[in-house]
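The values are calculated or read from the model by the stated rules, or taken from the named source; none is laboratory data. Computed from a predicted structure; not experimentally measured. Heads up, the Cβs are rebuilt from the backbone with ideal geometry, glycines too, and the neighbour counts pull from every protein chain shown.
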Amino acid sequence: MLVNVNTENDLFAKFSGQVRVGGTFMGVWPEGATNRNYKEPDFLFVPDQESSSLLPHFVLREPPYIKSYRVRSVTVTNGLEALNEAAGAEKVAKLLQRRVNHVRVTGHFVLVDFVVGVECDAPWARAKLLKAELPEQVAIKHTFALAGC
C-alpha cells in the first residue's frame, strides 16, 4: 500500500510502500530505433484501466475547474535493470542494439518509490519497478487432424 510522505507540496507527492498493479511495461525508442537523436530508450509502465484508478493522482476541485489527472504512464527509474528481469537479456540486447523499436511485457508489477505530479496541465509519474509477475506464455500450434483409424 502506498502512503503519502509529503503532504505540504502542491507540485508533486511522494509515496512510500508498494503497490501491485497490472499493465504493460516497455522499453521503447522514442520515434523509432533508427532515430539517433536519443541516446537511450524510454522505460515506461502503462497501467491497465483498473490499476490506473488505484494509483494516486492529483484532482483539481476548484469550480468551475474540476479535473482528474489520472496516471497514464509511469517512468520506470530502474528501467534497464527491470526490463532485463522481466523480458530477458536477449530481448533487451536487441532493443539496445536498435534492432527493434520496443520490447513489451504484460502482467502484474510491484511499484515502489512512487512520485506523482502535474506540470503545465500534464500529469507525470515515476517509480521503481520491484517485481514482475508475468503469466505463462503458451504457444499453441494449430494443425489439422490426420484422417485415419
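For residue 36, work out the one condition from (1) within 18 Å of residue 14 (Cβ to Cβ); (2) surrounded by fewer than 17 Cβ atoms within 10 Å (Cβ to Cβ) it doesn't fulfil.
It fails just one condition, (1).
Kindly indicate which of 15, 43 is at pLDDT below 85, of a type in the set (Phe, Trp, Tyr) and within 14 Å of residue 127 (Cβ to Cβ).
15
How about the range 94-118: which of its residues are of a type in the set (D, E, K, R) and either within 12 Å of the chain's Cα centre (by Cα) or part of a helix (DSSP H, G or I) (or both)?
94, 104
Inside the range 61-79, can you point out the residues that are within 26 Å of residue 36 (Cβ to Cβ) and touching a helix residue (DSSP H, G or I) at 6+ places or on another chain (Cβ under 7 Å)?
The one that is within 26 Å of residue 36 (Cβ to Cβ) and touching a helix residue (DSSP H, G or I) at 6+ places or on another chain (Cβ under 7 Å): 76.
Which ones in the range 55-69 are buried (at least 16 other Cβ atoms within 10 Å of the Cβ), of a type outside the set (Ser, Thr, Tyr) and either without any contact (Cβ under 8 Å) to a residue 60 or more places away in the chain or part of a strand (DSSP E or B) (or both)?
Correct list: 58 only.
Within the range 9-50, track down each residue that is charged (D, E, K, R) and either in contact with a helix residue (DSSP H, G or I) (Cβ under 6 Å, 6 or more places away or on another chain) or in a loop (DSSP other than H, G, I, E, B) (or both).
If the condition is that a residue be charged (D, E, K, R) and either in contact with a helix residue (DSSP H, G or I) (Cβ under 6 Å, 6 or more places away or on another chain) or in a loop (DSSP other than H, G, I, E, B) (or both), then 10, 31, 36, 39, 40, 48 are the ones that fit.
Which of the residues spanning the range 119-149 are modelled with pLDDT under 80 and either closer than 16 Å to residue 46 by Cβ or part of a strand (DSSP E or B) (or both)?
122
Among the residues of the range 74-114, which ones are surrounded by fewer than 18 Cβ atoms within 10 Å (Cβ to Cβ) and under 21 Å from residue 53 (Cα atoms)?
Residues satisfying the conditions are 75, 106, 107, 108, 110, 112, 113.
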